[in-house]
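> I have a structure I would like to understand better, so I am pasting it below and will then ask my questions one at a time.
The values are calculated or read from the model by the stated rules, or taken from the named source; none is laboratory data. These numbers come from a predicted model, not from an experiment. Note that we place each Cβ from the backbone using ideal geometry, even for glycine, and neighbour counts take in every protein chain shown.
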Amino acid sequence: MNDFVAREVDVVVVGAGQAGLSAAYHLRRVGLVPDRDFVVLDHSRRPGGAWQFRWPSLTYGKVHGMHALPGMELTGADDTRPSSEVVGAYFAAYEERFDLRVHRPVRVAAVREGDGGRLAVETSEGVWSTRALINATGTWERPFWPRYLGQETFRGRQLHTADYPGPAEFAGKRVVVVGGGASGTQHLMEIAEVAGGTTWVTRRPPVFREGPFDEDAGRAAVALVEERVRRGLPPRSVVSVTGLPLTDAVRRARESGVLDRLPMFERVTPTGVAWSDGRTVDADVILWATGFRPVIDHLAPLRLREPGGGIQVEGTRAVRDARVHLVGYGPSASTIGANRAGRAAVREIRRLLERRPTPV
């Protein structure tokens, strides 16, 4: 960290993905000025949030449920272009249109108790002293790698969704895909078209969702995730409780046997994976489509975590510290949820800023 004098603002937004840009937009709507009243910090070198890192074969036409940012629709997008390019360009245009002045690339190392009831945000560009913090760091930087016996002995290639390059690199390979979420099924269906053979392994039987996913079903799913966050437990993804949409492509993959699922193996061997009943599968590649965890380690000095391992949140506000709001966390970890969370966080922070600062 550079040894600069702390600069004071009312609000620091950490992260410029969907949730962070939504929060910044609403901060401007209530009259706050970028770089004077609030600042947006982002670790990436260019706009796009986590979208900029998506694999090239995930075209915009394959994206499910991409909701526009508040105040500016995404129109005229080419469905055949990679979603990373489409959304990246959209986010860049959004930042410019609303003059959000995102600071990048900036790494946030820690958030600590500061002077006079303020928070000290320690970053690669110096220290920001703020009355409130909106944490919108998402999950992409923290891929979850489960650990299994013998994993280090595997002589093939192991990679995570975060490093998925698209199907071409798996041509002729025997591939084990681990994970029952949307990414796992998308990877599997792509790879199966070029691979020498595929095996799908999940911890729990996948649940496929028939019919439309209406507003009531969406609210019920979000409520299940929200309940965990209210109890201070680590959040589950919204998709983990919604099930997988049964699209035409998924139906074809099930009929052809590509989506025939096996239960989780017991161990990894030098040449593949093995189950407790003696079954084995040889593999050249193990692809771990096992999800991500929230990027919140920089908040550790504030001691926000509960005994259950998560941060207890009411709405977007951290229960242990009313100055800290988490957007894109738990129930708001979707594009539409992030938009709503950004607005809700700013509404509460505005009330906080209207009060006279008092030491915490």
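> Can you work out which of the residues in region 58-115 that are polar (S, T, N, Q) and touching a strand residue (DSSP E or B) at 6+ places or on another chain (Cβ under 8 Å) is modelled with the lowest pLDDT?
Thr59
> Within region 46-61, is there a residue that is more than 30 Å from Asp248 (Cβ to Cβ), touching a residue at least 24 places away in the same chain (Cβ under 8 Å) and buried (at least 20 other Cβ atoms within 10 Å of the Cβ)?
Yes, region 46-61 contains a residue that is more than 30 Å from Asp248 (Cβ to Cβ), touching a residue at least 24 places away in the same chain (Cβ under 8 Å) and buried (at least 20 other Cβ atoms within 10 Å of the Cβ).
> Taking region 297-316 only, how many residues are modelled with pLDDT of 95 or more and either in contact with a helix residue (DSSP H, G or I) (Cβ under 6 Å, 6 or more places away or on another chain) or not basic (Lys, Arg) (or both)?
7
> Something else about it: Against the conditions (1) acidic (Asp, Glu); (2) loosely packed, with under 13 Cβ neighbours inside 10 Å; (3) modelled with pLDDT of 90 or more, where does Asp216 fall short? Just the number, please.
(3)
> Check off (1) assigned to a loop (DSSP other than H, G, I, E, B); (2) touching a Ser or Thr at 6+ places or on another chain (Cβ under 8 Å); (3) more than 30 Å from Pro34 (Cα to Cα) for Gly117 and give me the number that stays unchecked.
Going through (1) assigned to a loop (DSSP other than H, G, I, E, B); (2) touching a Ser or Thr at 6+ places or on another chain (Cβ under 8 Å); (3) more than 30 Å from Pro34 (Cα to Cα) one by one, Gly117 breaks only (3).
> Filter region 110-147 for residues that are exposed (fewer than 15 other Cβ atoms within 10 Å of the Cβ) and within 30 Å of Gly272 (Cβ to Cβ) and give the result.
Phe144, Trp145, Pro146, Arg147
> Given the options Pro263, Pro294, name the one that is closer than 21 Å to Val229 by Cβ and either out of contact with any Cys (no Cβ under 9 Å at 6 or more places or on another chain) or without any contact (Cβ under 8 Å) to a residue 12 or more places away in the chain (or both).
Pro294
> In this structure, does Arg305 turn out to be farther than 18 Å from Gly197 by Cβ, touching a residue at least 12 places away in the same chain (Cβ under 8 Å), touching a His at 6+ places or on another chain (Cβ under 7 Å) and charged (D, E, K, R)?
no
> Please tell me if Val194 is in a loop (DSSP other than H, G, I, E, B), on the phi < 0 side of the Ramachandran plot, modelled with pLDDT of 95 or more and touching a Pro at 6+ places or on another chain (Cβ under 7 Å).
The answer is yes for Val194.
> Show the residue pairs meeting these rules: Cβ distance below 8 Å; 6+ apart or different chains; first residue within region 340-352 and in the same structural domain as Gly31 (by TED's automatic domain parsing) and under 13 Å from Leu133 (Cα atoms); second residue surrounded by 24 or more Cβ atoms within 10 Å (Cβ to Cβ) and of a type in the set (S, T, N, Q).
Pairs found: Gly342/Ser22; Ala345/Thr316; Glu348/Thr316.
> For region 86-109, which positions are in contact with a helix residue (DSSP H, G or I) (Cβ under 8 Å, 6 or more places away or on another chain) and crowded, with 16+ Cβ neighbours inside 10 Å?
Val86, Val87, Gly88, Phe91, Tyr94, Glu95, Phe98, Leu100, Val102, Val108
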